[in-house]
Amino acid sequence: MVKISIYAYFNYLFHDIIFSTLQVQVKNVSRLCHAKPIVTVNGRFPGPTIYVREGDRVQINVTNHVKYNLSIHWHGLKQYRNGWADGPAYITQCPIQSGNSYTYDFNVTGQRGTLWWHAHILWLRATVYGAIVIMPKPGTPFPFPQPQREFEILLGEWWNNDVEEVEKQGFKMGLPPNMSDAHTINGKPGPLFPCSEKHTYAIEVEQGKSYLLRIINAALNDELFFAIAGHTLTVVEVDAVYTKPFTTQSILIGPGQTTNVLVQANKVPGRYFMATRTFMDAPVPVDNKTATAILQYKGVPNTVLPSLPQLPAGNNTDFALNYNKKLRSLNSAKYPASVPLKVDRNLFYTIGLGKNSCPTCVNGTRLLASLNNVSFVMPQTALLQAHYFKIKGVFRTDFPEKPPTPFNYTGVPLTANLGTSTGTRVGKIAFNSTVELVLQDTNLLTVESHPFHLHGYNFFVVGTGVGNFDPAKDPPKYNLVDPVERNTVGVPTGGWTAIRFRADNPGVWFMHCHLELHTGWGLKTAFVVEDGEGEDESILPPPKDLPTC
């Protein structure tokens, strides 16, 4: 990956203020025998990696040279008291208008590891994304063996057609838009696709050395498996939080998630495929083609044919459940897992798909998605501005804490939408209160796995299961000692996930399914976390260059 600029790189080495410039611009790119203009950052696809260190102050000036209004989200950065730098359009800011600039100004506090940045409006993150690497403070080693070298591995998708047009067409018809034409590894689909010999990412390794792969799932709509032929992967971190190391042949990574793995170059020198393919254990059509990159031992000629890894079957539910069970927080003296043991607020959100009447759509209906039967409508004024400046009529704080009508959530498929309503409704949470949120998948139209991302926070995944959550039997089985801590979690198909967090970051924080398709259908809401008592427990004032709607 390419560093943002020499200037930013030297800042990264010697100073604690990182200043970078991101130019959002259109560039012609060719993949799969198709050339088309795409939205890029600094002319790159994927965009540049941003290198910072824990404790740095970061200032990133984003200039928008394209016809779309857009914003950039720094996925997983907590932005303490500083939602103005979080980036989701119409939630914490109005988008940056075409021809304008905005400087995201934030501190990196108490975080280190792999995160990422991406456009947070429409489907623009299909091409507008890149890695964020947060190095530990100087002199602080990793809590695992020091690798010889690191590589960023960004998993994504490619559409032959204009992604925004694909999405618009789907919306017009009231149906899911066409799926991607290929997956990509660092923007390249690999040699199993036509016209892709030169569009293959490769890394060179040396026998006997170890390497850290910083893997990011930047795909819009697919959970993905990833493996390297002949090599085991040791998982050491997810979502920029260290984990108890464990070895696996493959990893499972949902959209929005990051996973760091150590790889030992201890096999017979040769060329080995790294491969990624979709995981989907519900009756939903997906792009199931395999994208590849190459791990090549030094001195091995390019004429040697690489071998393919054995990825789990595309619908392997058991692998998915068992893999996620192995993820545990490191919970050491230096990196403790501070799980809230007492809960102030218990929330129970059902995830449902539905149909609303649409006379102009193909079947006379439009697909939509909801939490607790509320399909979220994006406002025209950013929620954080409305909250901070007390602008009335933008949103309501009466989001239901539990579904209005309890039912057998994962029983036989239900086609009724149980009276799905639409609205800009959010939940209100007192500062510093502890929250337990159970996310329950339902069989409204179909069960499906959903990766949920909470902005502004990490949370602990204290429990997960298949079927209906049982409030009497399931909580006693929670892991309250070393549950995995992350910012994006998969709710299993026809199952539930329980998360806990302390609401110690005041502001308005988006929570949504990270499948872009479902987010667009309304599978999202937000939390208004109220200010606390002290001055350092309230939202910072907005910056002077905050975009206007």
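One table, with the values for the structure above:
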quantity: Residues satisfying the stated conditions in the stretch 512-546, i.e. open to solvent by 20 Å² or more (accessible area, probe 1.4 Å) and among the basic types (K, R); calculated: K544
quantity: Residue within the stretch 125-145 that is among the charged types (D, E, K, R) and either open to solvent by 20 Å² or more (accessible area, probe 1.4 Å) or over 18 Å from T40 (Cα atoms) (or both) present; calculated: yes
quantity: Meets criteria (over 19 Å from G156 (Cβ atoms), polar (S, T, N, Q), touching a strand residue (DSSP E or B) at 6+ places or on another chain (Cβ under 6 Å) and open to solvent by less than 10 Å² (accessible area, probe 1.4 Å)) for Q79; calculated: yes
quantity: Checking G411 against (1) in contact (Cβ under 8 Å) with a residue 40 or more places away in the chain; (2) small (G, A, S); (3) farther than 30 Å from L540 by Cα, the condition it does not meet; calculated: (1)
quantity: Yes/no for D162 being closer than 25 Å to L70 by Cβ, out of contact with any Pro (no Cβ under 6 Å at 6 or more places or on another chain) and surrounded by 18 or more Cβ atoms within 10 Å (Cβ to Cβ); calculated: no
quantity: Neighbours by Cβ (under 6 Å, 6+ apart or cross-chain): first from the stretch 375-387, more than 10 Å from I91 (Cβ to Cβ); second hydrophobic (A, V, I, L, M, F, W, C) and open to solvent by less than 10 Å² (accessible area, probe 1.4 Å); calculated: H387/V508; H387/V528
quantity: Failed criterion for A333 (all others in (1) within 25 Å of D239 (Cβ to Cβ); (2) in contact (Cβ under 8 Å) with a residue 24 or more places away in the chain; (3) in a loop (DSSP other than H, G, I, E, B) hold); calculated: (2)
quantity: Failed criterion for L444 (all others in (1) at pLDDT below 95; (2) open to solvent by 10 Å² or more (accessible area, probe 1.4 Å) hold); calculated: (2)
quantity: The stretch 288-299 residues that are of a type in the set (D, E, K, R), paired with ones that are open to solvent by 10 Å² or more (accessible area, probe 1.4 Å) (beta carbon under 8 Å, 6 or more apart); calculated: K289/L192; K289/F193; K289/R277; K298/E204; K298/E206; K298/Q207; K298/P269
quantity: The stretch 97-139, residues that are part of a strand (DSSP E or B), within 14 Å of the chain's Cα centre (by Cα) and among the aromatic types (F, W, Y); calculated: W116, W117, Y129
quantity: Contacts under 8 angstrom Cβ, first residue in the stretch 509-525 being over 21 Å from C358 (Cα atoms), partner among the small types (G, A, S) and in a strand (DSSP E or B), 6 or more apart; calculated: W509/A526; F510/A526; M511/A526; C513/A369; T525/G427
quantity: All positions within the stretch 463-487 that are in a strand (DSSP E or B), buried (at least 22 other Cβ atoms within 10 Å of the Cβ) and either free of Cβ contacts under 8 Å to residues at least 60 places away in the same chain or β-branched (V, I, T) (or both); calculated: T464
quantity: Index of the failed condition, G456 passing every other in (1) farther than 17 Å from L341 by Cα; (2) in a strand (DSSP E or B); (3) open to solvent by less than 20 Å² (accessible area, probe 1.4 Å); calculated: (2)
quantity: Hits in the stretch 190-204 - residues which are of a type outside the set (G, A, S) and crowded, with 23+ Cβ neighbours inside 10 Å; calculated: F193
quantity: From the options N260, N266, residue that is part of a loop (DSSP other than H, G, I, E, B) and either modelled with pLDDT of 95 or more or open to solvent by less than 10 Å² (accessible area, probe 1.4 Å) (or both); calculated: N266
quantity: Qualifying residue in the stretch 432-440 (condition: over 23 Å from the mean Cα position of the chain (by Cα), modelled with pLDDT of 95 or more, of a type in the set (V, I, T) and within 30 Å of A320 (Cβ to Cβ)); calculated: yes
quantity: P336 at pLDDT 95 or above and under 30 Å from R502 (Cα atoms); calculated: yes
quantity: Residue that is farthest from V394 (Cα to Cα) [pool: residues in the stretch 418-430 that are open to solvent by 40 Å² or more (accessible area, probe 1.4 Å) and part of a loop (DSSP other than H, G, I, E, B)]; calculated: L418
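Residue-wise test of (1) at pLDDT below 95; (2) touching a strand residue (DSSP E or B) at 6+ places or on another chain (Cβ under 8 Å); (3) open to solvent by 10 Å² or more (accessible area, probe 1.4 Å).
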| position | (1), (2), (3) |
| --- | --- |
| P245 | no, yes, yes |
| G254 | no, yes, no |
| P283 | yes, no, yes |
| A293 | no, yes, no |
| K298 | no, yes, yes |
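The values are calculated or read from the model by the stated rules, or taken from the named source; none is laboratory data. Only a predicted model underlies this, so the values are computations on that prediction, with no experimental measurement involved. Every residue, glycine as well, gets a Cβ built from its backbone with ideal geometry; the counts of neighbours run over all protein chains shown. In case anyone asks, the SASA skips ligands and DNA or RNA and just uses the protein heavy atoms, side chains included. Shrake-Rupley method; radii C 1.70, N 1.55, O 1.52, S 1.80 Å.
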